[in-house]
Amino acid sequence: MKKNSNFLKIVKKLDSISYFISKISFSVSCILILLIAAVIFAYVINRTFIGQTWLFVEEWSGFSLIPITFFGLSYTVRKNKGLYVDLITDKLSPKIQDLLEIIFAVFSFILIITMLSMSIKWLVYTLEVGAKSRGPMRTPLWIFSATIVFGLFIYSIDMFFYFFYRLFSFIGKNIGFKFSK
């Protein structure tokens, strides 16, 4: 029993570290949203009253959507704020719902790992060929590819812990993960 308790302590510690990283990732996403909104506002004011155009605003505000999206994924699963179509599943028993959640978590984890693998290949490609945007700033694309890899990596870790949470919930054991529904 002591061995099982040590395992759960390690899992809980790793989960809390992962949750902390998810919160930081989400905070970066929020800061990027505020920053881009401020830059676009300043750009519009500048263009309207001074007549000067900033070439980087349109290109970088579009590219900023990539880290905004991928940095927020893990926090979304942590807070259980994803989209749900639970019209049918709400009518099932809690045990069946937990079993379906386990199946969905495994499927999602496999899908995320596949996407992570593809994004790593894309990152390597952008680094090897020195790919740059076609916009006026010629922004290196590896920067945004790296944010995809990082976001999916954190998301996969959180999905892994979500699977454990659902598995322990199905077994009927509460181990104190930070997922809620």
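When residues of segment 23-59 are filtered for being on the phi > 0 side of the Ramachandran plot and surrounded by 13 or more Cβ atoms within 10 Å (Cβ to Cβ), how many remain?
Selection size over segment 23-59: 0.
State whether the residues of segment 52-61 include one that is in contact (Cβ under 8 Å) with a residue 40 or more places away in the chain, of a type in the set (A, V, I, L, M) and in contact with a Lys or Arg (Cβ under 7 Å, 6 or more places away or on another chain).
No, there is no match, as no residue in segment 52-61 is in contact (Cβ under 8 Å) with a residue 40 or more places away in the chain, of a type in the set (A, V, I, L, M) and in contact with a Lys or Arg (Cβ under 7 Å, 6 or more places away or on another chain).
Could you list, in sequence order, all residues of segment 49-84 that are of a type outside the set (Phe, Trp, Tyr), modelled with pLDDT under 90 and farther than 21 Å from residue 143 by Cα?
Once the filter is applied, which keeps residues that are of a type outside the set (Phe, Trp, Tyr), modelled with pLDDT under 90 and farther than 21 Å from residue 143 by Cα, segment 49-84 yields 51, 52, 53, 76, 77, 78, 79, 80, 81, 82, 83.
Look at residue 110 and say whether it is over 22 Å from residue 162 (Cα atoms), at pLDDT 90 or above and not basic (Lys, Arg).
For residue 110, the condition - over 22 Å from residue 162 (Cα atoms), at pLDDT 90 or above and not basic (Lys, Arg) - is not met.
The values are calculated or read from the model by the stated rules, or taken from the named source; none is laboratory data. Values in this document were obtained by computation on a predicted structure and should not be read as measured data. Cβ: placed from backbone, ideal geometry, glycine included. Neighbour counts: every protein chain shown.
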